Amino acid sequence: MISRIVSILKSVKNDGWLINDTLTESIELFFVKKDLDMNRGKKVHHINVTVYVDFLEDGTKYKGSSTTNISPTMSEEEIKDSLEVASLAAGYVKNEYYDLVSPSNEELIYPSSNFSKGEMRDYIPGLVESVYKVDNFVNGKVNSAEFFINKSDIRIMNSLGVDIAYTKFTGMIELITDWKEDIEEVELYQMINFSEYNSEDISRSVENVLNETKQRALAKPLPELKDVPVLLSKGAIKELFDYYKVRADAKPKYEGFFNYEIGANIQGDVKGDKVNITVLPNLVNSTKSSPCDSNGFVLKEVEIIKDGLLNNYIGDKRYSNYVGVKPTGVIGNTKVAVGSTPESILKKDPYLELVAFSDFQVNPITGNFGGEIRLARYFDGESVTPYYGGSITGNVTSIQEDMIFSKEDQQINNFLGPKYVKIKNFSLTPSE
């Protein structure tokens, strides 16, 4: 199919092309409580072709582009028609000129997975058992669970000779858990992403969700708490450090949001722990690992923030060309260095641990953050009490100089970093 498209492209007006070919086989199971409600398998083939057209207008050179989806069932005439429409459309797109990705002699870092050691269906019984062997509480249960395993054969080619093919496996389990207590009956949603089969990790994640559901059912409305430090955890930490990644991204630099030079201090006068961030193409058990980006640029590990200073810009070939920095490609995994303070020390004195939010967001431009608290744990020096409701708001520039990172780490799919981040200088609103 690809050779047919390449042949047809020779008869279509273009100044370059890019093909992203992905064939995905998947197995999906849907459980209600512990009973299998439905299972199915799918095979989906996506072929996206981007056509580039270079042109001059008022003395300025542009590289227009347009992407079309080619179905494997299309005839040669239909393929040619689709590519010609894309070529015509590309001639009206005024993207500043840039160079396409050229072939590289760099060694490719391929994602690995133990799913490759057998058929995907062989792992289904173990995945199901991993979830339900911890579903043995009296007042709580896994209400429903959906299992997905995908095998994707990916090939990326372009007109300059890039031709990279690799296979990746991704998995996902979506859970709805519920718990009933005298105070309240609650229901929580959780999504578990993985690229490796690890029974213990999955069981631990499910057990944690069930325990959090129990705590939410027992929780009281968040009271007014003054002068208590907060421990961010889980996904909120990932969102926090994405703020720094954006400042090292070539695209927002080109768009005029930031204008930092290499070596710029982006964390301020640090009294706590300094931010150190590395992006990497391969991270064990991450669904975002890849040897190259979607343009075919070969990926390598890059340290972007070092001790709170901008160390490298990251970006695809296009935006890196625009701002005059060395391209790194779009890299899917993030590693943030942990601190030196053990969890036991962070939790020695009173604290409020924010466990779950209905939605925690950090504005990547302004640094404003906030979220409605779904579950929190308050330690008053003697005992821990679960709370819900209320919200936290603040700005990264107000908390970043005093942040303390835990010595222990956590992995959330494509993010590896501190398990806890202790912050102050924020606003905490009690539950109404």
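The values are calculated or read from the model by the stated rules, or taken from the named source; none is laboratory data. Note that this is a predicted model, so its numbers are computed, not measured. Cβ atoms come from the backbone with ideal geometry, glycine included; neighbour counts cover every protein chain shown.
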> All but one of (1) more than 13 Å from the chain's Cα centre (by Cα); (2) over 25 Å from Phe360 (Cα atoms) hold for Pro281; which doesn't?
Replying inline: (1)
> Picking from Gly256, Gly329, which residue would you name as being modelled with pLDDT under 95, out of contact with any Pro (no Cβ under 6 Å at 6 or more places or on another chain) and closer than 29 Å to Trp17 by Cα?
Replying inline: Gly256
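I need the strands (runs of 3 or more DSSP E) fully contained in the stretch 371-432, keeping only those with at least 3 residues that are farther than 30 Å from Glu184 by Cα and modelled with pLDDT of 95 or more. I'd like the intermediate steps shown before the answer.
Values: elements: 384-388, 391-395, 409-412, 415-418, 420-423, 427-429.
Filter on the stretch 371-432 gives 409-412, 415-418, 420-423.
If only one of Ile345, Ile314 is closer than 30 Å to Val284 by Cα and free of Cβ contacts under 8 Å to residues at least 12 places away in the same chain, which one is it? I'd like the intermediate steps shown before the answer.
On the way: Ile314 fails: free of Cβ contacts under 8 Å to residues at least 12 places away in the same chain.
Just one listed residue meets the conditions, Ile345.
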>> Looking at (1) touching a Leu at 6+ places or on another chain (Cβ under 6 Å); (2) under 14 Å from Thr287 (Cβ atoms), which one does Phe194 not meet, given that it meets all the others?
In response: (1)
> Does the stretch 122-144 contain at least one residue that is polar (S, T, N, Q) and over 21 Å from Glu207 (Cβ atoms)?
Replying inline: no
>> Let me spell it out: the conditions are (1) over 22 Å from the mean Cα position of the chain (by Cα); (2) closer than 23 Å to Ser113 by Cα, and Ile156 meets all of them except one. Which number is the exception?
In response: (1)
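Can you name the residue in the stretch 320-352 that is in a strand (DSSP E or B) and out of contact with any helix residue (DSSP H, G or I) (no Cβ under 9 Å at 6 or more places or on another chain) and, of all such residues, is surrounded by the most Cβ atoms within 10 Å (Cβ to Cβ)?
If we filter the stretch 320-352 for residues that are in a strand (DSSP E or B), which is where we start, we get 329, 333-336, 341, 351-352.
So of that shortlist, the ones also out of contact with any helix residue (DSSP H, G or I) (no Cβ under 9 Å at 6 or more places or on another chain) come out as 333, 335, 341, 351-352.
Details: Asn333: 24, Lys335: 20, Thr341: 18, Tyr351: 19, Leu352: 20.
Only one residue tops the list, namely Asn333.
If you go through the stretch 353-370, how many residues are of a type in the set (S, T, N, Q) and either outside any strand (DSSP E or B) or within 17 Å of Asp402 (Cα to Cα) (or both)? Show your work before the answer.
Just the residues of the stretch 353-370 that are of a type in the set (S, T, N, Q), to begin with: 358, 361, 363, 366, 368.
Restricting the remaining residues to those that are either outside any strand (DSSP E or B) or within 17 Å of Asp402 (Cα to Cα) (or both) gives 363, 366, 368.
Number satisfying all stated conditions: 3.
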> Cβ-Cβ below 6 Å, separation at least six or inter-chain, first residue in the stretch 246-260 and closer than 11 Å to Leu310 by Cβ and in the same structural domain as Tyr322 (by TED's automatic domain parsing), second hydrophobic (A, V, I, L, M, F, W, C) and assigned to a helix (DSSP H, G or I): which pairs?
Replying inline: Lys253/Val323
> Can you name the residue in the stretch 106-164 that is assigned to a strand (DSSP E or B) and hydroxyl-bearing (Ser, Thr, Tyr) and, of all such residues, is surrounded by the fewest Cβ atoms within 10 Å (Cβ to Cβ)?
Replying inline: Ser152
> Any residue in the stretch 285-303 that is crowded, with 18+ Cβ neighbours inside 10 Å, more than 16 Å from the chain's Cα centre (by Cα), within 30 Å of Asn105 (Cβ to Cβ) and among the β-branched types (Val, Ile, Thr)?
Replying inline: yes
